[in-house]
1. Any idea which of GLU382, GLU356 is more than 16 Å from ligand 2 (Cβ to nearest atom), acidic (Asp, Glu) and either modelled with pLDDT of 95 or more or more than 18 Å from GLU111 (Cα to Cα) (or both)?
2. Can you tell me which residue among SER275, SER304 is of a type in the set (S, T, N, Q) and under 23 Å from PRO192 (Cα atoms)?
3. Kindly indicate whether ILE156 is touching a helix residue (DSSP H, G or I) at 6+ places or on another chain (Cβ under 6 Å) and more than 16 Å from ligand 2 (Cβ to nearest atom).
4. List pairs: first residue in the stretch 371-389 and free of Cβ contacts under 8 Å to residues at least 12 places away in the same chain, second residue of a type in the set (D, E, K, R) and crowded, with 20+ Cβ neighbours inside 10 Å anywhere in the structure, Cβ distance under 7 angstrom, at least six positions apart or on different chains.
5. Considering only the stretch 145-173, state which residues are within 16 Å of ligand 1 (Cβ to nearest atom) and either among the aromatic types (Phe, Trp, Tyr) or touching a His at 6+ places or on another chain (Cβ under 7 Å) (or both).
6. Quickly run through the stretch 108-158 and pick out the residues that are hydroxyl-bearing (Ser, Thr, Tyr) and over 28 Å from LYS200 (Cβ atoms).
7. If I ask for residues that are in contact with a helix residue (DSSP H, G or I) (Cβ under 8 Å, 6 or more places away or on another chain) and not in a helix (DSSP H, G or I), which ones from the stretch 182-205 would you list?
8. With respect to VAL132, is the statement that it is surrounded by 23 or more Cβ atoms within 10 Å (Cβ to Cβ), more than 16 Å from ligand 2 (Cβ to nearest atom) and within 27 Å of GLU218 (Cβ to Cβ) true?
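The values are calculated or read from the model by the stated rules, or taken from the named source; none is laboratory data. Just so it is clear, the structure is predicted and the values come from calculations on it, not from any experiment. Neighbour counts run over all protein chains shown; Cβ positions are idealised from the backbone, glycine included.
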Amino acid sequence: MFIDHEYIERILDEAKSATKEDIQNILEKAKKRNGLSHEDIAVLLQADDKNLKEMYKIAGDIKNSIYGKRVVIFAPLYVSNYCVNNCVYCGYQRCNSFKRRKLTQEEVKDEVKILEKMGHKRLALELGEDPVNAPIDYVLECLDTIYKTQNSNGEIRRVNVNIAATTVENYRKLKKDNIGTYILFQETYHKPTYDKMHPKSIKGDYNYHLTAFDRAMEAGIDDVGGGVLFGLSDPKFEVLALMMHNEHLEEKFGVGFHTVSFPRLKKAKGMDLESFPNLLDDNMFKKIVAITRIAIPFTGIIMSTRESAEMRRELLKYGVSQVSAGSSTGVGGYKEREEGKEDEQFKTSDERTPLEVLKSLLDDGYIPSYCTACYRKGRTGERFMKLAKSGNIQYVCEPNAMMTLMEFALDYGDKEILEKSETLIKNEINNIKRDDVRELVKNNLEKLKKGERDLYL
Ligand code: SF4
Ligand code: SF4
């Protein structure tokens, strides 16, 4: 198996004896983006906090040089909380007794309409694992309903799907029905911890779970998004294992993770945080986000509303490139939120509306983006990575961010956000280096004001 536990533990141990000079040399290498070895990353993970400031700066510079100022916005949509597994950290575990439900297609439509009214264009479809109550056909039906549900100018243009590890045949079905990214968290790469966290369940098969992306890629899904639930095992171990998983996919399929998510363990129904000895404090969390940005510079880093507004704001500086906004983590949660009570999978910490999130991003100089262009232009998998690695992704990311921001401000914004957006765009448009692209964006912004929609490069 490609996650060699002894090797990871050995290099983490050896890295403890790195000298100040060793650390400085690695940081210099990181600045040049010459690629870091596992040993280099291990040294950064073990380095003490004196080096943090410099690491944060390098991570932030790397992110800016690849993706510019755009921050992609999305929302999760929970459609079913039936689950046959017993993951000890999750509110949906089968031992928890509460009324399980899955949305009917009418209810999916209602949720999508609410999300569209918030301005969302990108969703992450979420559900528990239950082959009887929520089989693959149910997921396909939901996908179809989401794409077909439109609401004046509102439409969902990309649906990423987070479903349990499954067969090549099922992944083929998802591919055929226009899945965006296939998302699956390994939860923990540390096998003994994995076994402990997933007792007596389908998900308990570590190797089957670990090779899910191999099967997805074999089925033709070339954008996959990994992740670890930080807090289950040693975070340093997890970061190195994530790197190895990414390399495995690169070697075998020519492309690694499209995105990596950074959920941190939160209190949920039926579990107590005290029984998890590997919880990370804020400093360690920031450090591993920055090191991941340095280690896999071209991969999108996603941060959910599990984290507070302040934490998300800070991590955007060190490498995060996508955030969720206005999220509900309960089944039917968007409608229920309007009515009063949600039954969540876990607690969220940032409860601001998308409008509030966008305003604060604009105040910090970012360009919030609802762009879904790459996937719709066929820039996925290797094609996408080539564009990212050549540095040319910026020429589409920022222009698309400006256009989708304008679209949002016109359709869902208030006077304040329209003004903020116009001011930011006026400044940023002059930073577009290519004359033809700048002119095109200017024309498209005018077209948007006249009522055209969905313009992208
Ligand atoms: Fe089910 Fe997923 Fe929760 Fe595990 S983490 S209990 S598979 S919903
Ligand atoms: Fe994402 Fe591509 Fe749009 Fe950039 S241009 S925000 S990479 S979809």
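1. GLU356
2. Being of a type in the set (S, T, N, Q) and under 23 Å from PRO192 (Cα atoms) holds for just one of SER275, SER304, which is SER275.
3. The answer is no for ILE156.
4. Nothing qualifies.
5. Residue satisfying the conditions is ALA165 alone.
6. If the condition is that a residue be hydroxyl-bearing (Ser, Thr, Tyr) and over 28 Å from LYS200 (Cβ atoms), then THR145, TYR147, THR149, SER152 are the ones that fit.
7. Listed by number, the residues that qualify are TYR182, LEU184, GLN186, GLU187, THR188, TYR189, HIS190, HIS198.
8. No, not satisfied.
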